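Laboratory data are not the source of any read-out in this text; all were calculated from the coordinates shown. Since this is a predicted model, take the numbers as computed values, not measurements. Cβ placement follows ideal geometry from the backbone for every residue including glycine, while neighbour counts extend to all protein chains displayed.
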Amino acid sequence: MTRHLLTLDSLGRDGIRTNLELAGQLKMRKGQAREAVAGGRLGLIFDKPSTRTRVSFETAAWGLGMLPITLRPDELQLGRGETIADTARVLSRYLTAIAIRTFEQSRVEELAKYATIPIINALTDDHHPCQALADVMTLQEEFGDLAGLRVAFIGDGNNVCHSLIQAAGYLGFTLAISTPHGFEPTAEIVEAARIHAAKNGGAIELGHDVREVVRGADAVYTDVWASMGQEKEREERARVFAGYRVDAELMALASTKAIFLHCLPAHRGDEVTDEVIDGPQSRVWDEAENRWYTEQALLYALITGEEHWEKG
Ligand code: CP
Ligand code: NVA
């Protein structure tokens, strides 16, 4: 069966832990594993803009000895009506894996259904699993064991929030989420993760009081108030989310050792102040760097099926 990363459910607890282990080993030896997937070809389909995901995947592919090929929608026949299924069948004959950033989660699932190579979700409206891998790697670097950790997520119950919810369920930490009314994460994702969390010692808490959620937290995480595709709602969301800004005063309620995380890009002055994102508690640049290691580990494991660095 072809291995994919559609949501973090595709990896589960063991797959996430393997990814973190491989990524950590790679980071320790500060390098690439140039022979690990030598000769492989990674297709990158981007229906939405990207800085980190695109560049980290391109360089991750290079790090493994693969050829990265970035495909814009207007350069593909997909944009002129060729079906996802046919695109999947054809690209599977040329490529070794595909990472795709798009709108509906169903498009990634459709691609995976017809592809005979690994398909990686590089962000959809509903999930951002590659981001969550780098997030938990960053938490692990800071705190060691994730068990018992309390992470506060402030803002929109969006794609990034959903993947963190799944990570909390599988890895057994507490994710305390505070959103405005009507912007809660999807109930099914929360409920499913709570089942895993109950087994693994974690919890998913939902609330609206930002200060309550942040109090004593080991990490404070936020993301943009209006995600890609929601540009028209930006003004209205700025009004609704005004009380959800992570500033120094809010950070002061967290644990004295708390760190600040953000998937980036940040809208400085909206969801986070300069003081926090540029301050000593911020780990956002390490978090962005960790995309590179977790993605190399991901490509390697999905393509080769190996759980240890064999070569390179
Ligand atoms: N965090 C993240 O996915 O950033 P990009 O949109 O720049 O890829
Ligand atoms: N929630 C954001 C994440 C960007 C990496 C978006 O979807 O635009």
Original post:
If ASP286 satisfies every condition in (1) within 16 Å of ligand 2 (Cβ to nearest atom); (2) surrounded by fewer than 24 Cβ atoms within 10 Å (Cβ to Cβ); (3) not aromatic (Phe, Trp, Tyr) but one, which is the exception?
Top reply: (1)
Subject >> Every residue from segment 145-160 that is within 16 Å of ligand 1 (Cβ to nearest atom) and more than 20 Å from LEU253 (Cβ to Cβ) >> reply: ASP156, ASN158, ASN159, VAL160
Original post:
If ASP156 satisfies every condition in (1) under 24 Å from GLU58 (Cα atoms); (2) within 16 Å of ligand 2 (Cβ to nearest atom) but one, which is the exception?
Top reply: (1)
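Name the residue, out of GLN166, GLN140, that is polar (S, T, N, Q), part of a helix (DSSP H, G or I) and under 22 Å from SER50 (Cβ atoms). Step through it out loud before you land on a result.
Values: GLN140 fails: under 22 Å from SER50 (Cβ atoms).
GLN166 is the lone residue from the list that is polar (S, T, N, Q), part of a helix (DSSP H, G or I) and under 22 Å from SER50 (Cβ atoms).
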Original post:
For the subset of segment 217-236 comprising residues that are assigned to a loop (DSSP other than H, G, I, E, B) and within 12 Å of ligand 2 (Cβ to nearest atom), which member is nearest to VAL160 (Cα to Cα)?
Top reply: ASP223
**OP:** Scan segment 46-61 for residues that are away from ligand 2 (no atom under 12 Å from the Cβ) and surrounded by fewer than 17 Cβ atoms within 10 Å (Cβ to Cβ) and jot them down.
**Re:** VAL55, THR59
**OP:** Would you mention how many residues in segment 74-95 are exposed (fewer than 12 other Cβ atoms within 10 Å of the Cβ) and under 21 Å from ILE303 (Cα atoms)?
**Re:** 2
**OP:** Search segment 260-280 for residues being in contact (Cβ under 8 Å) with a residue 60 or more places away in the chain and assigned to a loop (DSSP other than H, G, I, E, B), and hand back the single one that is surrounded by the fewest Cβ atoms within 10 Å (Cβ to Cβ).
**Re:** PRO265
**OP:** Would you mention how many residues in segment 151-175 are surrounded by fewer than 23 Cβ atoms within 10 Å (Cβ to Cβ) and closer than 14 Å to ASP218 by Cα?
**Re:** 1
**OP:** Report yes if some residue within segment 72-91 is touching a residue at least 12 places away in the same chain (Cβ under 8 Å) and within 27 Å of LEU171 (Cβ to Cβ); otherwise report no.
**Re:** no
Original post:
When residues of segment 88-139 are filtered for being touching a helix residue (DSSP H, G or I) at 6+ places or on another chain (Cβ under 8 Å), under 17 Å from THR70 (Cβ atoms) and aliphatic (A, V, I, L, M), how many remain?
Top reply: 10
**OP:** Within segment 181-197, track down each residue that is in a helix (DSSP H, G or I) and surrounded by 13 or more Cβ atoms within 10 Å (Cβ to Cβ).
**Re:** ILE189, VAL190, ALA192, ALA193, ARG194, HIS196, ALA197
Subject >> Scan of segment 240-259 for residues that are over 19 Å from ASP209 (Cβ atoms) and either within 16 Å of ligand 1 (Cβ to nearest atom) or among the charged types (D, E, K, R) (or both), ordered by number >> reply: LYS257
**OP:** Identify all residues within segment 101-111 that are of a type in the set (A, V, I, L, M, F, W, C) and either within 16 Å of ligand 2 (Cβ to nearest atom) or surrounded by fewer than 23 Cβ atoms within 10 Å (Cβ to Cβ) (or both); write none if there are none.
**Re:** PHE103, VAL108
Original post:
Of (1) under 28 Å from HIS308 (Cα atoms); (2) crowded, with 19+ Cβ neighbours inside 10 Å; (3) more than 21 Å from the chain's Cα centre (by Cα); (4) not aromatic (Phe, Trp, Tyr), ILE98 satisfies all except one. Which?
Top reply: (3)
